[in-house]
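Read the structure below first, then the notes.
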Amino acid sequence: MIKHPAFFFFSLILIALMVVVFYQLSSDPFKKEASGSGDVVVNPHQDDAIIGLYARECASCHGTVGQGVANNPALQTSRLSLAEIKSIISEGKGAMPAFPQIREPQLSELAELVKHFSGDE
């Protein structure tokens, strides 16, 4: 029988918390596991400038990893082509405003980052 059940319970909670913190610190939303190989494949378009652009212009509505915020569409479930994504970024669609100031090559890189969120690369 356990002599100090409170200590045992506290230890389990502490271990679980450490596992969660380690997982959060080691996970990167802009990286993707390669299927079967175990190697981590970095999105080739993981440019800090593009990630910063996404964070400034897109994340408030579409979430930090494309999960969607409030009633805004989740990019993780998008099946749009790169051309369609670029068109929507440039011209807007529905409630989404246009971002005509985003031009090539940043437009293509941003579209590829959005495509990366859905796993359709």
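The values are calculated or read from the model by the stated rules, or taken from the named source; none is laboratory data. Since the structure is predicted, the reported quantities are computational estimates derived from the model, not experimental observations. Methodologically, a virtual Cβ is constructed for each residue, glycine included, from the backbone with ideal geometry; neighbour enumeration extends over all protein chains shown.
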(request) Provide a single number: the residues in region 50-85 that are of a type in the set (A, V, I, L, M) and on the phi > 0 side of the Ramachandran plot. (result) 1
(request) List the number of the failed condition for Ala98; all other conditions in (1) surrounded by fewer than 17 Cβ atoms within 10 Å (Cβ to Cβ); (2) at pLDDT 90 or above; (3) part of a helix (DSSP H, G or I) hold. (result) (3)
(request) List every residue pair whose Cβ atoms sit under 6 Å apart, with the two residues 6 or more apart in sequence or on different chains, where the first one lies in region 57-76 and is of a type in the set (Val, Ile, Thr) and the second, anywhere, is surrounded by 16 or more Cβ atoms within 10 Å (Cβ to Cβ) and modelled with pLDDT under 90. (result) Val69/Gly63
